[in-house]
Amino acid sequence: MQASIPGVVGPLKSEQFTGGQSNPTYLVRTPGRNFVLRSKPGGKLLPSAHAVEREFRVLRALETSDVPIARVYALCEDSEVIGSPFYLMNYVEGRVFWNAALPEVAPDQRRAVYAEMVRVQATLHSVDYREIGLADFGKAGNYVSRQVLRWTEQYRASETEKIDGMDHLMEWLPQRIPLDEHASIVHGDFRLDNVIFHPHAPRILAVLDWELSTIGNPLVDLAYFCMRYHLPVTGFFGLRGLDTNGLLIPSESECVAQYCKLRGTEPVPPQEWAYYIAFCMFRLAAILQGVLARALQGNASNETAMQMGQRTRSIAELAWSLVKESCGA
């Protein structure tokens, strides 16, 4: 740290943040200021997973953009230092919301919180990734087909039981892929609890957790954020079954319409949108299965990993129900 960040002095104190299920994240305190350390977890890892090196690269590139991020300082790829590769970034003080119903937010500010989420996504997707040095950060085109294949492989590599919903999705998704003409930087895990809001205002100070970022279809990113409208309250703090109008939270269709207006794009066809939502739920189920597999191996990054991983089945079955309802599968 002293070699990479001017003015840093010891002693250091560290403590792990709770809540994350993937890359262990720590608050590092020094007498002068605080930092955040993100590292790969220990143990055997799935191929291409937990790529803190990619997180560091995209954050460094986005420093010249209007996307709110935490400044990064140093990447260490030497596992001998703390046991695994890691990077250091600035600590941003603010609010993190876990519940999509926003019970801790004043009702007259909830709509603004959602509007800010959509605005920041539109800002990210409007960045010219070639201009900021990310032309080779991912392959433009065929993003969805590659993602379906990737998460099918990741799921199979960590599968612990037969889940009919996942089997149906893995058969159906490759056969119904929409035309994939769009390409932008995508975050890959853009949701309420991965952003830090200003302590008092509905303004995002930093977007966190860029592990799944790449070049891809921005509508998939938007669908992942809107997936909360389809997730249950219990276990996922979602909005399914809640009166969003009564909560003064914009509807899913309002969020999509706002995004299309900000980006100047045509409305998304309903069946295409349903496909993206189903895919995002499939990917979430695959991610949760990986969390469960790591918990069973004893190298999960969070003590609630086992509980989270066991929700794979419910999400898979919910996604397949959506497909049957919206797409006539």
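Against the conditions (1) assigned to a loop (DSSP other than H, G, I, E, B); (2) buried (at least 17 other Cβ atoms within 10 Å of the Cβ); (3) under 18 Å from the mean Cα position of the chain (by Cα), where does Phe56 fall short? Just the number, please.
So Phe56 meets the others, but not (1).
For region 163-178, indicate whether the set of residues that are more than 16 Å from Ile315 (Cα to Cα), outside the structural domain of Leu59 (by TED's automatic domain parsing) and in contact with an Asp or Glu (Cβ under 9 Å, 6 or more places away or on another chain) is non-empty.
Within region 163-178, one or more residues are more than 16 Å from Ile315 (Cα to Cα), outside the structural domain of Leu59 (by TED's automatic domain parsing) and in contact with an Asp or Glu (Cβ under 9 Å, 6 or more places away or on another chain).
In region 149-193, what count of residues is obtained for those that are closer than 30 Å to Gly298 by Cα, of a type in the set (S, T, N, Q) and not in a loop (DSSP other than H, G, I, E, B)?
Residues that pass the stated criteria total 3.
From the list Ile249, Ile277, which residue is β-branched (Val, Ile, Thr) and touching a residue at least 60 places away in the same chain (Cβ under 8 Å)?
It is Ile249.
Identify all residues within region 110-124 that are within 13 Å of Lys261 (Cα to Cα) and of a type outside the set (Val, Ile, Thr); write none if there are none. Outline the logic, then answer.
If we filter region 110-124 for residues that are within 13 Å of Lys261 (Cα to Cα), which is where we start, we get 115, 118-119, 121-123.
Answer for region 110-124, where residues must be within 13 Å of Lys261 (Cα to Cα) and of a type outside the set (Val, Ile, Thr): Ala115, Arg119, Gln121, Ala122.
Give all pairs with beta carbons closer than 6 Å in which a residue from region 23-38 that is in the same structural domain as Arg71 (by TED's automatic domain parsing) meets a residue that is of a type in the set (Gly, Ala, Ser) and assigned to a loop (DSSP other than H, G, I, E, B); count only pairs at least 6 apart in sequence or on separate chains.
Listed pairs, sorted by first residue: Pro24/Ser301.
Considering only region 226-329, give the helices (runs of 4 or more DSSP H) lying wholly within it that have at least 3 residues that are assigned by TED's automatic domain parsing to the domain that holds Val127 and modelled with pLDDT of 95 or more.
The helices (runs of 4 or more DSSP H) meeting that bar are 252-263, 270-297.
Pairs under 7 Å by beta carbon, first residue touching a residue at least 12 places away in the same chain (Cβ under 8 Å) in region 151-172, partner part of a helix (DSSP H, G or I) and of a type in the set (S, T, N, Q), six or more apart or different chains?
Tyr155/Gln289; Ser158/Gln289; Glu159/Gln289; Ile163/Thr312; Met170/Thr152
Every residue, every condition in (1) within 16 Å of Ala115 (Cα to Cα); (2) of a type outside the set (A, V, I, L, M), yes or no:
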site	(1), (2)
Val186	no, no
Asp189	no, yes
Asp193	yes, yes
Ile196	yes, no
Ile204	yes, no
Val207	yes, no
Trp210	no, yes
Gly241	no, yes
Thr244	yes, yes
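Within region 62-93, work out how many residues are of a type outside the set (Asp, Glu), assigned to a loop (DSSP other than H, G, I, E, B) and on the phi < 0 side of the Ramachandran plot.
14
Out of Val148, Val127, Val186, Val195, which single residue is surrounded by 18 or more Cβ atoms within 10 Å (Cβ to Cβ) and farther than 30 Å from Arg111 by Cα?
The unique qualifying residue is Val148.
Within region 194-225, track down each residue that is assigned to a strand (DSSP E or B), under 25 Å from Glu131 (Cα atoms) and in contact with a helix residue (DSSP H, G or I) (Cβ under 9 Å, 6 or more places away or on another chain). Spell out the reasoning first.
Going through region 194-225, the residues assigned to a strand (DSSP E or B) turn out to be 195-197, 204-207, 214-216.
Those still in the list that are under 25 Å from Glu131 (Cα atoms) too: 195, 204-207, 214-216.
Scanning region 194-225 gives Val195, Ile204, Val207, Thr214, Ile215, Gly216.
Here is a list: Arg110, Arg130, Arg119. Which entry is basic (Lys, Arg) and part of a loop (DSSP other than H, G, I, E, B)?
Details: Arg110 fails: part of a loop (DSSP other than H, G, I, E, B); Arg119 fails: part of a loop (DSSP other than H, G, I, E, B).
Selected residue: Arg130, the only one of Arg110, Arg130, Arg119 that is basic (Lys, Arg) and part of a loop (DSSP other than H, G, I, E, B).
The values are calculated or read from the model by the stated rules, or taken from the named source; none is laboratory data. Owing to the predicted nature of the structure, the values given are computational and were not obtained by experimental measurement. Heads up, the Cβs are rebuilt from the backbone with ideal geometry, glycines too, and the neighbour counts pull from every protein chain shown.
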